[in-house]
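Novice: Just dropping this structure here.
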Amino acid sequence: MSEGSIDDSSETKIPTPEIYKCCDNPQITYNAPVNINIEEHTIGTVDVWRCASCKRSFCEEKQLGIESITDIVGMPRIEDGEKWSVVVSKLQKGKDKWKLVKLKENGVLKFETADEQIVDLKIENYKIVDDFHTSFLVLDNIHKAVEI
């Protein structure tokens, strides 16, 4: 071994976390954005990714001005029977007004508010039914700017 070279064989390797795979041959590519606007100003985006093999879609929330990296490795998981949705709070302002969630067709969503409280939001036909919150499905708004 020459001077200045490092022998990696003695170092302990840290295992990488298991990456979520949507199918046996994942070919995930960027599909489209959905811009989130307030008074025609974009405050965030939902990036939509799609697997060319199994056609499954994945979403990532991007809020302008927030540069933190997500703690999820690979694409976020979504279960069969769930759809990507944006929940809009009529009680909040600015960046705290919206959040990307996974909705089931019917049931209750445990929703964490900006002040870290958990509220139950009723879901009917993939929509939030509540006086203070509303929602829209991401895949119904590909390549659009949604005014909230």
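Novice: For residues that are β-branched (Val, Ile, Thr) and surrounded by fewer than 17 Cβ atoms within 10 Å (Cβ to Cβ), scanning just the range 90-122, find the one that is modelled with the highest pLDDT.
Specialist: Taking the range 90-122 as the starting set, the residues that turn out to be β-branched (Val, Ile, Thr) are 101, 108, 113, 118-119.
Then drop every residue that is not surrounded by fewer than 17 Cβ atoms within 10 Å (Cβ to Cβ), which leaves 108, 113, 118-119.
Numbers: Val108: 96, Thr113: 84, Ile118: 92, Val119: 92.
Restricting to residues being β-branched (Val, Ile, Thr) and surrounded by fewer than 17 Cβ atoms within 10 Å (Cβ to Cβ), the top hit is Val108.
Novice: Would you pick out the residues in the range 96-148 that are of a type in the set (Ser, Thr, Tyr) and either part of a strand (DSSP E or B) or at negative phi (or both)?
Specialist: Correct list: Thr113, Thr134, Ser135.
Novice: Among all residue pairs at least 6 apart or on different chains, which show Cβ distances below 6 Å where the first residue, located in the range 54-82, is closer than 22 Å to Ile43 by Cα and surrounded by 10 or more Cβ atoms within 10 Å (Cβ to Cβ) and the second is among the polar types (S, T, N, Q) and modelled with pLDDT of 90 or more?
Specialist: Between residues of the range 54-82 that are closer than 22 Å to Ile43 by Cα and surrounded by 10 or more Cβ atoms within 10 Å (Cβ to Cβ) and residues that are among the polar types (S, T, N, Q) and modelled with pLDDT of 90 or more, the close pairs are Lys62/Thr45.
Condition check ((1) modelled with pLDDT of 85 or more; (2) part of a helix (DSSP H, G or I); (3) surrounded by 12 or more Cβ atoms within 10 Å (Cβ to Cβ)) across all residues:
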{"residue": "Gly4", "(1), (2), (3)": "no, no, no"}
{"residue": "Thr12", "(1), (2), (3)": "no, no, no"}
{"residue": "Pro17", "(1), (2), (3)": "no, no, no"}
{"residue": "Lys21", "(1), (2), (3)": "no, no, yes"}
{"residue": "Val88", "(1), (2), (3)": "yes, no, yes"}
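Novice: Could you go through the range 38-48 and let me know if any residue there is modelled with pLDDT under 95 and not in a strand (DSSP E or B).
Specialist: Yes, the range 38-48 contains at least one residue that is modelled with pLDDT under 95 and not in a strand (DSSP E or B).
Novice: Hey, among the residues in the range 33-53 that are in contact with a Pro (Cβ under 9 Å, 6 or more places away or on another chain) and not aliphatic (A, V, I, L, M), which one's surrounded by the fewest Cβ atoms within 10 Å (Cβ to Cβ)?
Specialist: This residue is Ser53.
The values are calculated or read from the model by the stated rules, or taken from the named source; none is laboratory data. It should be emphasised that the depicted structure is a prediction, and the values quoted were computed from it without experimental measurement. Reconstructed Cβ throughout: ideal geometry from the backbone, glycine too, with neighbour counts over all protein chains shown.
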